[in-house]
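Beneath this line is the structure, given in structure tokens, with notes to follow.
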């Protein structure tokens with residue numbers, strides 16, 4: 001059973017190397033089951049989720065709506081990414097903020113501000129600060145790169161919840177890892193392998209925020225939720241909602257695309 | 001009765017003998033006098049320096065940036081809530097109703113400042129220079145550069161570049177000097193990224209540790225363009241003309257604001273308006289001022305008591321070596337209480353001369369302290385901070401005349417109490433024994 005699912009993930013991603021392995025696995029299925037257990041499947045699942053919006057490389061347009069008790073604002077963003085380490089995000093609308101761009105390379109973030117025509121590096125003291133006034137922090141962008149290194153994940157539940165067959169992945173921080181969350185729990189639809197909800201807990205085990213994924217759409221062979229809603233638990237009236245308008249995966253983008261020069265040019 | 005009358009008639013005589021007795025052993029008396037006088041000088045200087053310090057403290061607590069009374073919204077006091085503003089109409093109303101006070105509105109925000117080489121988190125403070133000058137001396141404390149919060153020039157894409165004034169430590173940490181460019185990036189009130197270029201016009205002298213380390217001062221216009229927050233102010237600093245009227249004005253403003261918030265309601269989230277005076281704003285300083293008076297008394301009492309031990313020793317010696325003489329005096333009919341009175345007069349003269357000498361020398365040294373002070377500027381050029389306030393490196397004295405009188409009285413009372421012991425011995429003398 002497990003073996004078949006793992007190969008299903010591989011097929012979806014259409015990687016020649018993986019295909020070879022999955023065929024190879026078919027020859028010795030019994031062997032594999034006895035040795036691998038859940039471990040590989042968890043990693044495969046996590047990699048699958050990672051690739052949903054990003055692929056190897058991606059270009060996406062999205063709107064981000066931030067609702068707080070003080071203001072509500074909507075932005076149209078264009079984003080490029082390559083792997084987990086490189087991303088470039090540019091604001092297209094509203095006019096006032098047009099051209100403001102964020103470049104992430106590994107654990108560094110730079111902002112480009114067209115009004116003053118300056119690139120500023122976000123210092124470590126400001127990492128926990130809000131990104132573009134949303135409920136995402138700069139850390140959320142950065143920690144994404146090191147999530148797999150910082151957390152140990154395992155499948156903690158498999159079965160029906162709210163009438164849907166799901167996998168529940170629980171990620172706990174590794175010892176000595178500098179992390180923000182004490183526990184992250186994600187539910188994934190077994191059929192489409194798309195995430196449904198992610199819960200972020202602090203070190204005391206208190207739920208801090210909830211991310212819900214919906215409006216799934218077929219992109220190639222993948223089912224990708226097009227709407228991501230982030231809800232901080234202490235402020236029920238506030239939220240940040242990202243709606244993907246279009247995603248192109250695996251387009252040619254070299255890592256030199258993610259340069260400080262391009263940060264200014266892409267506006 | 002008759003005895004009492006004669007005792008009083010003998011008073012000039014007794015005083016004369018006591019005075020003469022004092023100078024029978026001039027070296028011993030002078031040594032005692034100098035010990036007591038030095039004690040008094042120390043008390044005078046201690047009182048003077050402490051008073052000077054507390055005066056400097058009150059001055060710094062009010063004149064430099066706090067002013068006498070401040071008005072905020074509760075949410076701003078609690079967590080510096082950017083949106084907890086009081087509307088401009090409130091300020092106009094306060095100005096109309098209280099013509100004798102000076103008021104200065106202020107706005108605050110947190111941001112990120114970047115120079116060519118470094119970036120650091122800063123506290124943005126916005127003021128109206130003209131009003132601020134009338135309320136506090138904050139803007140006069142310029143160390144380098146020229147104070148200017150107006151528009152310096154315009155950038156190539158047509159935005160105004162405002163002048164800024166920054167804190168001393170911040171300038172040092174960021175290696176910024178007047179004329180340099182500074183970028184401020186912050187989250188504006190509408191959630192967008194507030195960003196603008198500025199020119200550093202001046203660096204301020206140390207005011208308070210927080211501002212020195214991360215303070216950036218700009219005009220309210222510059223703030224409104226950066227923060228998109230123009231519906232009000234965070235803080236209203238108020239200077240009253242007559243300090244004795246401060247408490248009355250504080251209650252009157254509170255009453256007026258309460259009335260205003262029923263006729264022009266404020267939003268729920270920002271909380272109620274709160275009016276506080278400088279004592280409530282700086283409780284550490286206010287408590288210290290209360291305590292300093294008690295300090296002077298306790299320290300003075302200890303010093304004088306120690307010096308009085310010297311006098312006690314002198315008088316015990318003087319009585320002891322004259323027991324034979326006292327015996328004869330008693331034998332030929334001198335009343336014991338006259339003897340007691342005479343010894344007391346001797347002590348009194350000792351302390352009186354000491355008080356005179358001590359006051360004169362104390363005043364001379366104090367005069368120097370009041371003019372020049374004790375200068376620490378070699379070792380601490382930026383002054384020192386204490387209880388969240390920065391002090392000048394020069395410690396100056398200030399002697400309140402009544403303190404001098406109190407110090408002298410304190411010394412005379414303590415020495416007189418000490419002299420009761422030797423006087424008591426004269427009363428218990430048995431003439432027959434001591435004359436043997």
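Determine the shape class of segment B:132-218: with a ≥ b ≥ c the square roots of the Cα gyration tensor eigenvalues, call it rounded for a/c under 1.5, and otherwise prolate if a/b is greater than b/c, oblate otherwise.
Details: a/c = 1.61, a/b = 1.46, b/c = 1.11.
In terms of gyration-tensor shape, prolate.
Could you work out the percent of alpha carbon pairs in segment B:68-281 separated by over 20 Å, rounded to a whole number?
The calculated P(r) of segment B:68-281 puts 58 percent of pairs beyond 20 Å.
Suppose we keep just the alpha-carbon trace of segment A:100-161; what are its Rg and Dmax in angstrom?
15.9, 54
Between Rg and the Kirkwood Rh of the protein assembly as shown, both from Cα atoms, what is the Rg to Rh ratio?
Dividing the radius of gyration by the Kirkwood radius yields 1.23.
Starting from the Cα of residue A:191, step 7 Å along the direction of its Cβ; do the same at residue A:156; then give the gap between the two resulting points in nm.
2.6 nm
What 222 nm value per residue comes from the helices of chain B, counting each DSSP H run with n ≥ 4 as -39,500 (n - 2.57) and dividing by all residues, nearest 500 deg cm²/dmol?
-17500 deg cm²/dmol
How big is the equivalent ellipsoid of chain B along its three axes, where each semi-axis is √(5λ) from the Cα gyration tensor, reported in whole Å from largest to smallest? Let's see the in-between values first.
Working: eigenvalues 900, 118, 44 Å².
Three semi-axes, in Å: 67, 24, 15.
Compute the acute angle (0 to 90°) between the alpha-carbon long axis of helix B:88-97 and the principal axis of greatest extent of the alpha-carbon atoms of chain B; round to the nearest 10°.
Between helix and principal axis, roughly 40 degrees.
Which residue, B:299, B:151, B:17, has the most motion in a Gaussian network model of chain B that connects Cα atoms within less than 10 Å?
B:17
Fewest Cβ neighbours within 10 Å first, please rank B:24, B:199 accordingly.
Ranking B:24, B:199 by Cβ neighbours within 10 Å, fewest first, gives B:24, B:199.
Compute log10 of I(q)/I(0) for segment A:57-265 with the Debye formula, placing one identical point scatterer on every Cα and leaving out solvent, at q = 0.09, 0.14, 0.17, 0.19 Å⁻¹, to two decimals.
For the requested q values the scattering log ratios are -0.37, -0.95, -1.44, -1.71.
State the Kirkwood hydrodynamic radius of segment B:202-320 in Å, one decimal place, computed from all pairs of distinct Cα atoms.
After inverting the mean inverse Cα-Cα distance, the result is 20.3 Å.
Given a Förster radius of 56 Å and the C-beta distance between residue A:231 and residue B:142 as r, what FRET efficiency does 1/(1 + (r/R0)^6) yield to the nearest 0.05?
Plugging the Cβ-Cβ distance into 1/(1 + (r/R0)^6) gives 0.70.
Please give the helix B:11-22 orientation as an angle from the longest Cα principal axis of chain B, in degrees from 0 to 90, rounded to the nearest 10.
Roughly 80 degrees, rounded to the nearest 10.
Ordered by packing density, taken as the mean number of other Cβ atoms within 10 Å over each peptide's residues, highest first, how do B:240-250, B:347-357 rank?
Details: B:240-250: 14.4, B:347-357: 21.1.
Peptide ranking by packing, descending: B:347-357, B:240-250.
Comparing B:335, B:125, B:177, which has the greatest mean-square fluctuation in the GNM of chain B with Cα pairs linked when under 10 Å apart?
Looking only at B:335, B:125, B:177, the largest GNM fluctuation is found for B:335.
Need one value for A:113-120: mean number of C-beta atoms belonging to other chains within 10 Å of its residues' C-beta atoms.
6
Would you mind computing Rg(Cα) / (2.2 N^0.38 Å) for segment B:1-105, counting N as its residues?
With N residues counted in segment B:1-105, Rg over 2.2 N^0.38 Å equals 2.43.
Enter the mean number of other protein chain beta carbons within 10 Å of the beta carbon of each residue in B:189-201, as an integer. Could you put the intermediate results ahead of the total?
Values: counts 2, 7, 13, 10, 11, 3, 9, 3, 5, 1, 0, 0, 0.
Mean partner shielding for this stretch: 5.
In nm, give the distance between the simple-model label positions of residue A:95 and residue B:258, each being 7 Å from the Cα along the Cα-to-Cβ direction.
Each label point lies 7 Å from its Cα, and together they span 4.9 nm.
Only counting other Cβ atoms within 10 Å, I'd like B:342, A:226, B:13 sorted with the fewest neighbours first.
Ranked by crowding around the Cβ, least crowded first: B:13, A:226, B:342.
Hey, quick one: spin label on residue A:217, modelled 7 Å out along Cα-Cβ, who in segment A:51-65 has an amide N within reach, i.e. under 17 Å?
A:52-55, A:58-65
Counting other beta carbons within 10 Å of each residue's own, what order do B:69, B:365, B:402, A:109 fall into, fewest first?
B:402, B:365, A:109, B:69
Can you give me the Cα centroid spacing of segment A:110-164 and segment B:298-322 in angstrom?
A separation of 76 Å, based on Cα centres.
Return the equivalent ellipsoid semi-axes of segment B:85-169 as a descending list in whole Å, where each equals the square root of 5 times an eigenvalue of the C-alpha gyration tensor. Working shown, then result.
Values: eigenvalues 160, 52, 40 Å².
Here the semi-axes work out to 28, 16, 14 Å.
Could you state the angle between the C-alpha long axis of helix B:246-263 and the longest principal axis of the C-alpha atoms of chain B, as a value from 0 to 90 degrees rounded to the nearest 10?
Roughly 30 degrees between the two axes.
Considering only C-alpha atoms, what is the centroid distance from segment A:240-267 to segment B:80-120, in Å?
Each part's Cα centre sits 40 Å from the other's.
Springs between alpha-carbon atoms under 10 Å, Gaussian network over chain B: tell me which of B:232, B:179, B:158 tops the mean-square fluctuations.
Ranking B:232, B:179, B:158 by mean-square fluctuation puts B:158 first.
Here, each number is a calculation from the coordinates, and none is a lab measurement. Treat the numbers as computed from the prediction; the structure is a model and nothing was measured. Don't worry about glycine lacking a Cβ; one is built from the backbone with ideal geometry, like all the others, and counts go over all protein chains shown.
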